[in-house]
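The next block holds one structure in the form of C-alpha cells; read it before the comments.
The values are calculated or read from the model by the stated rules, or taken from the named source; none is laboratory data. What you are looking at is a predicted structure, and each value in this text was computed from that prediction instead of being measured. In this analysis, Cβ positions are derived from the backbone assuming ideal geometry, glycine residues included, and neighbour counts consider all displayed protein chains. In case anyone asks, the SASA skips ligands and DNA or RNA and just uses the protein heavy atoms, side chains included. Shrake-Rupley method; radii C 1.70, N 1.55, O 1.52, S 1.80 Å.
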Amino acid sequence: MNALSLFSGIGGLDIAAEWAGFKTVAFCEQNLFCKKVLTKQWPGVKIYDDVRTINTEELPKIDLIHGGYPCQPFSVAGNQRGTEDERHLWPHMLRVVCNVRPQWVVAENVKGHIALGLDDVIDDLEGAGYTARPFVIPACAVGANHTRERVFIVAYSAGHGRYGSARSGGDGSANGDGEERTQQDWNAERCRSIRADMERRSHEAWRWRAEPGIRRVADGVPNRMDRLRALGNAVVPQQAYPIFAAIAETYNADVTGLAPGKDDK
C-alpha cells in the first residue's frame, strides 16, 4: 500500500502510516531542517519542494494521501484569516488529491480548524467524490503528558470500504459458522483489534518517558531552534496510528474479499 506524504515535517504521520503497513513513496516538504531529517530516516525517498508544483503524473499508484496542511490560517494563536491567509494551502492539497485519486485521504490540523474552515474542507472532499468525517484525538488519549488536540479528517472514495455489497449481498457478511455479521459487528471487532495492538506497542516501544533535563534555554544543542520548531509542528505518531491501522485493515479486507480480522479458510 503506497502513501504520498504532503506537508511532511519530520515524518510524524509517516511513522504512524508505516506502523500500519503503508509505504511512503514520496514526501513534500520545504523546511531545510525537516528535509534533512526525512532524508536521514527515509533514504532514497523523493522529496518534493512545493505542493503547488508536484507533477502528479510521475507518481506511482497511490492508495493513501495524508498531510497536515499549514495551521496558521485557523489557529487561535494566529490572526485566523482563513482563506485570506497566504499560507492557506488546502486547495493545493485538494488539487493533488483530485489528480491522483487515492482511495483514502487523511488530513490533519489544529482544533481551531473546527470553528474556521473545516466545513469547507469536508465540502471540497465530498465534491470530489469522497465521504469525509473529522475526528478529534488528543495526545493525552494515547498516554502523552500533554493535551495537544488535533483534528484528523478521514476521507474515502465513494463506495469504498462497504463490506456488505461484496459479501452477503446486503448489509452484513457471514462468519466461518455461517452466522450473519453486521457492519457494527465488524466495526467493534476492528476497534478491539486496534486497541489490543496499541496496548502491545505501548509496552514494547511507546513507553512515554519523563521530560529530558535539557531546558529550552540550554546551550550546546545543535540546531536547537530548528528542532523545537519541527517538534512543535509535528504530529504525535500514536495519535494517528489508530486511523491508519483501521484504514489498512479495511483496505486489506476489500482487496482480499474477507471481513476485517478474518483469515481465508
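MET1 accessible area, nearest 10 Å², 1.4 Å probe? Rounded to the nearest 10, that gives 50 Å². Taking 7 Å steps out from each Cα toward its Cβ at GLN41 and ASP120 produces label points 3.0 nm apart. For PHE7, the residues whose amide H sits under 5 Å from its own are CYS28, ignoring neighbours fewer than 5 places away on the same chain, with H placed 1.01 Å from N. Per-residue surface analysis assigns GLU126 an accessible area of about 90 Å², computed on protein heavy atoms at 1.4 Å probe radius.
The solvent-accessible area of THR39, taken with every protein chain present and a 1.4 Å probe, is close to 80 Å².
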